[in-house]
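What follows is one structure encoded as structure tokens, with my remarks underneath.
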Ligand SMILES: C[S@@+](CC[C@H](N)C(=O)[O-])C[C@H]1O[C@@H](n2cnc3c(N)ncnc32)[C@H](O)[C@@H]1O
């Protein structure tokens with residue numbers, strides 16, 4: 001990521017959070033809940049944590065969570081959300097421009113939900129670094145939109161929608177050390193801002209560091 005791209009990404013996301021009021025629902029992502037309910041607790045890293053709903057959900061289940069985002073405003077809201085939920089002692093918030101810097105340490109769960117951006121994001125590098133941060137026996141959980149919602153006729157901007165296989169290829173995790181536990185495309189209901197019913201597909205990768 002060039003310095004210029006990092007700056008543009010930071011400005012874009014900061015403005016989205018600052019100018020738009022609360023951006024997300026405040027509820028944990030359903031695919032995190034589906035995939036992580038049977039795990040841990042331990043220590044977890046949430047990449048692109050936004051306003052912190054996933055991190056707060058994990059912390060409320062006993063995880064010690066590090067939430068990371070590029071946007072200061074998102075991290076401030078996440079810290080507030082954690083305080084309101086009474087889990088501030090189990091959550092820390094770090095600003096990183098992923099692709100450039102990455103949190104220290106290793107984690108029992110590395111979660112990346114919809115780490116997708118209209119500003120170029122070095123997803124491959126970030127996901128490889130995410131895999132390297134998973135401890136032995138830990139889990140890498142990635143969820144990404146697989147495409148635009150069915151009602152979106154004109155894409156509002158360009159964004160990458162990696163396939164299930166392309167992420168596995170990029171990660172190139174050795175089979176003797178990793179087990180793919182979920183590799184799935186999940187369709188959910190999606191309603192457009194003006195009320196048109198539709199659906200959206202999301203891809204899920206849950207990969208455990210350890211042989212089968
Ligand atoms: C689509 S949102 C998803 C937020 C949250 N994970 C969720 O599912 O609600 C993408 C998030 O990634 C963050 N982000 C984008 N590029 C980033 C980067 N290079 N480093 C760190 N965070 C980044 C954005 O600020 C935003 O909060």
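Of note:
- Residue within segment 67-74 that is crowded, with 22+ Cβ neighbours inside 10 Å and under 20 Å from residue 204 (Cβ atoms) present: no
- Highlighted here are the strands (runs of 3 or more DSSP E) found entirely within segment 10-102 that include at least 2 residues which are touching a residue at least 60 places away in the same chain (Cβ under 8 Å) and more than 8 Å from the ligand (Cβ to nearest atom): 43-47.
- Test: residue in segment 110-121 that is within 20 Å of residue 168 (Cβ to Cβ), within 11 Å of the ligand (Cβ to nearest atom) and assigned to a helix (DSSP H, G or I): no
- Filter pass, residue 182 being modelled with pLDDT of 95 or more, surrounded by fewer than 16 Cβ atoms within 10 Å (Cβ to Cβ) and more than 14 Å from the ligand (Cβ to nearest atom): no
- Test result for residue 202, outside any strand (DSSP E or B) and either modelled with pLDDT under 95 or closer than 26 Å to residue 75 by Cβ (or both): no
- Enumeration of residues in segment 6-61 that are at pLDDT below 95 and touching a strand residue (DSSP E or B) at 6+ places or on another chain (Cβ under 8 Å): 40
Matching residues to (1) assigned to a strand (DSSP E or B); (2) under 17 Å from the mean Cα position of the chain (by Cα):
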residue: 149; (1), (2): no, no
residue: 162; (1), (2): no, yes
residue: 181; (1), (2): yes, no
residue: 187; (1), (2): yes, no
residue: 208; (1), (2): yes, yes
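- Screening residue 157 with (1) modelled with pLDDT of 95 or more; (2) farther than 22 Å from residue 37 by Cα; (3) surrounded by fewer than 18 Cβ atoms within 10 Å (Cβ to Cβ) gives one miss only, at (1).
- Counting only residues that are at pLDDT 95 or above and either over 21 Å from residue 62 (Cα atoms) or surrounded by fewer than 16 Cβ atoms within 10 Å (Cβ to Cβ) (or both), segment 93-115 holds 12 of them.
- Selection from segment 122-140 of residues that are within 15 Å of the ligand (Cβ to nearest atom) and either surrounded by fewer than 21 Cβ atoms within 10 Å (Cβ to Cβ) or within 13 Å of residue 97 (Cα to Cα) (or both): 122, 123, 124, 125, 126, 128, 129, 133
The values are calculated or read from the model by the stated rules, or taken from the named source; none is laboratory data. What you see is a predicted model, and the numbers here were worked out from it, not measured in a lab. Cβ sites come from the backbone with ideal geometry, for glycine too, and all protein chains shown count toward neighbours.
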